[in-house]
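Notes for the one structure printed next.
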Amino acid sequence: MTATTTLKDQLRRLVEIQAIDVHIYAMKLTLRERPAEIEALRQECEAKKSTLKKLEDKLKGIQVQQKDLDNDLKTKEAGIAKMEASLALLKTNKEYQARLIEIESLNADKSQIEEKILMGFDEVEAARQAVEAERAVVAQYDKDFQAKKKQGEDEMAIMQDQLKVKESQRGRLTPDVRPDILGRYDRIVQNKEGVAIVAIKDQACGGCYMHVTEQKLNTLKICDQMVYCDQCARILYLADEL
Ligand SMILES: [Zn+2]
């Protein structure tokens, strides 16, 4: 503790500390919230990637289906060719007619498969376009995410340095304040968004604008004890008196 021992000196120091703490509070808040913001962006990106994966799986499914249909078609064609070749070997007209009916039936099946394959082409094309479009979306999201992540991390690194500077400035002032006063001040800083000591403005608390009684104003003028706002509990002072 240095020679600054009067309450007025203590308050003066607190006001100086407060000027630094406003920055410290804001920086700490940003440093706490920024990683969550980056994480939210990452999750958005992952969600887009998962949509892309589903579309890719759908495309693969249709392609597999097409391949199966192609195989069915080949089997059917081979069967038809075999039956057609067998026609010449048949002995009776009855057998011949029966075989022709079988071939006709196989040809009908073949037509159906060909129809499905044709429809499948459109499905493949639509699914392929959906995949392409989503790939572009994912690429853009990923690019944005990487850029914002880098920007956020760079800002945080700079802020960490600035925070160290501010904390060291603060550290030079705090030994001048009585531990009980500083302790109470610190608690208010935590509970009141970084602002613990406020000047009276127009006979009102500078923090919550609650009217301050004449009695409190007199106590503030005398300055022999700490005065707190009845509503927000912040430490009060008169700027003219310090
Ligand atoms: Zn107040």
Estimated inter-spin distance, GLN225 and ALA36, nm [label 7 Å along Cα→Cβ]: 4.0
Residue list for the range 193-211, given a label point 7 angstrom along the Cα-to-Cβ vector of ARG170 and an amide N cut-off under 20 Å: 193-199, 207
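Can you pull the Rg over Rh of the range 1-75, Cα-only, Kirkwood?
Working: Rg = 31.8 Å, Rh = 18.5 Å.
With Rg and the Kirkwood Rh in hand, the quotient comes to 1.71.
Ranking request for peptides 86-94, 157-165, 135-143: highest mean number of other beta-carbon atoms within 10 Å first, then the rest in descending order.
Working: 86-94: 9.7, 157-165: 12.2, 135-143: 14.1.
My ranking of the peptides, most packed first, is 135-143, 157-165, 86-94.
How much of the accessible area of the range 8-153, probe 1.4 Å, is carbon plus sulfur, in whole percent?
The C+S portion of the solvent-accessible surface of the range 8-153 is 55 percent.
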What order, most packed first, do the peptides 211-224, 9-22 have when packing is the mean number of other Cβ atoms within 10 Å of each residue? 9-22, 211-224
Give LYS58/LYS148; LYS49/LYS149; LYS53/LYS149; LYS53/LYS150; LYS8/LYS192 a once-over and call out the pairs whose C-alpha atoms are over 20 Å from each other. LYS58/LYS148; LYS53/LYS149; LYS53/LYS150; LYS8/LYS192
Please calculate how many Å² of accessible area the chain carries per residue, with a 1.4 Å probe and no DNA, RNA or ligand atoms counted. 64
P(r) for the chain: what percent of alpha-carbon pairs falls in each 10 Å bin, starting at zero? 6, 18, 14, 11, 9, 8, 7, 7, 6, 5, 4, 3, 1, 0
Compute the relative contact order of the chain as a whole-number percentage, counting only Cα pairs closer than 8 Å that sit 6 or more residues apart in sequence. 32
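The values are calculated or read from the model by the stated rules, or taken from the named source; none is laboratory data. Not measured: the values here are computed from a predicted model. We place every Cβ from the backbone using ideal geometry, glycine too, and count neighbours over all the protein chains shown. For the accessible areas, the whole protein counts, side chains as well, though only heavy atoms, and no ligand, DNA or RNA atoms are used. Shrake-Rupley method; radii C 1.70, N 1.55, O 1.52, S 1.80 Å.
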